[in-house]
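The values are calculated or read from the model by the stated rules, or taken from the named source; none is laboratory data. Please read these numbers as outputs of a predicted model, since none were measured by experiment. Quick reminder, even Gly has a Cβ in these numbers, built from the backbone with ideal geometry, and neighbours come from all protein chains shown. Calculation scope for accessible area: heavy atoms of the full protein, side chains included, ligands and nucleic acids excluded. Shrake-Rupley method; radii C 1.70, N 1.55, O 1.52, S 1.80 Å.
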Amino acid sequence: MGRVRIMPDVNVIVDKFLKGIVDIMVIVIVALFFSIYMCENKTIVGSSMSPSLKNQEKVLIDKMIYELTSPKRYDVVVFENEDADKVYLKRILGLPGETIQVKEGRLYIDGKQSSYNKDLEDIVNPGIAKYEIRLASDEYFVMGDNWNFSEDSRSETIGKVNKKWIQGKVWFRVAPFQNIGFIFYKK
């Protein structure tokens with residue numbers, strides 16, 4: 001008796017091919033979404049966020065998060081100033097509706113001393129926060145972690161940061177290699 005040769009059904013081959021194409025398309029679409037909305041790459045310039053983020057470190061920005069939620073206290077954000085001529089990277093310390101003041105070298109929120117960076121040196125220049133600043137419903141007060149070497153909301157050139165100026169949240173450090181990891185505030 002002769003051997004029977006079974007040929008694969010052409011439809012099975014076409015189905016596997018089409019499934020492979022669809023899988024590749026889904027991967028490409030997810031990668032594009034991720035890279036467009038969550039992976040804008042920025043390089044830190046200067047020491048205003050030291051020691052949290054250092055000069056020349058590279059970070060990823062999530063540009064979509066604030067479409068879904070509001071910025072939170074201690075988030076590190078990227079924003080532009082009112083004239084959209086410069087991009088900044090700072091930490092949110094004051095939230096909408098709060099009052100902010102720098103007195104006796106410390107940050108006060110709603111009249112109470114903030115515990116943020118309580119172990120660091122005094123704030124030497126209170127800038128416009130020498131007097132109480134009231135934040136509107138869409139405004140934030142930001143400062144650099146290295147607050148004595150930071151141009152931030154205490155400066156008249158930046159002042160209160162409107163939510164519409166915030167481009168996204170810094171969420172991941174990609175370089176240098178030894179410092180790769182998520183960015184979050186440790187209490």
Exercise. Name the residues in the range 34-74 that are outside any loop (DSSP other than H, G, I, E, B) and at pLDDT 85 or above, would you?
Worked result: Lys58, Val59, Leu60, Ile61, Asp62, Ile65, Tyr66, Glu67, Leu68
Seminar exercise, completed: Given the conditions (1) among the hydrophobic types (A, V, I, L, M, F, W, C); (2) at pLDDT below 90; (3) within 12 Å of the chain's Cα centre (by Cα), every one holds for Met25 apart from (3)
Exercise. Which of the residues spanning the range 136-167 are open to solvent by 60 Å² or more (accessible area, probe 1.4 Å), free of Cβ contacts under 8 Å to residues at least 60 places away in the same chain and within 17 Å of the chain's Cα centre (by Cα)?
Worked result: Lys164
For this session: For the range 115-135, enumerate the residues that are surrounded by 16 or more Cβ atoms within 10 Å (Cβ to Cβ) and either assigned to a loop (DSSP other than H, G, I, E, B) or in contact with a helix residue (DSSP H, G or I) (Cβ under 8 Å, 6 or more places away or on another chain) (or both).
Result: Tyr116, Asn117, Ile123, Pro126, Leu135
Problem set entry | Flag if Ser115 is hydroxyl-bearing (Ser, Thr, Tyr) and either at pLDDT 90 or above or touching a Cys at 6+ places or on another chain (Cβ under 8 Å) (or both) | no
For this session: Specify which of the listed residues (Ile100, Ile92) is of a type in the set (Val, Ile, Thr), assigned to a strand (DSSP E or B) and more than 21 Å from Ser52 (Cα to Cα).
Result: Ile100
For this session: Using the structure shown, decide if Val77 is open to solvent by less than 60 Å² (accessible area, probe 1.4 Å), touching a residue at least 60 places away in the same chain (Cβ under 8 Å) and in a strand (DSSP E or B).
Result: yes
Problem set entry | Residue list for the range 39-59, filter: hydrophobic (A, V, I, L, M, F, W, C), open to solvent by 50 Å² or more (accessible area, probe 1.4 Å) and either in contact with a strand residue (DSSP E or B) (Cβ under 7 Å, 6 or more places away or on another chain) or farther than 17 Å from Lys169 by Cα (or both) | none
Exercise. Any chance the range 86-97 includes a residue that's modelled with pLDDT under 90, within 21 Å of Phe149 (Cβ to Cβ) and among the hydrophobic types (A, V, I, L, M, F, W, C)?
Worked result: yes
Problem set entry | Matching residues, the range 172-186, being open to solvent by less than 50 Å² (accessible area, probe 1.4 Å) and not aliphatic (A, V, I, L, M) | Phe172, Arg173, Pro176, Gly181
Exercise. Do we have Val102 as in contact with a helix residue (DSSP H, G or I) (Cβ under 8 Å, 6 or more places away or on another chain) and loosely packed, with under 13 Cβ neighbours inside 10 Å here?
Worked result: no
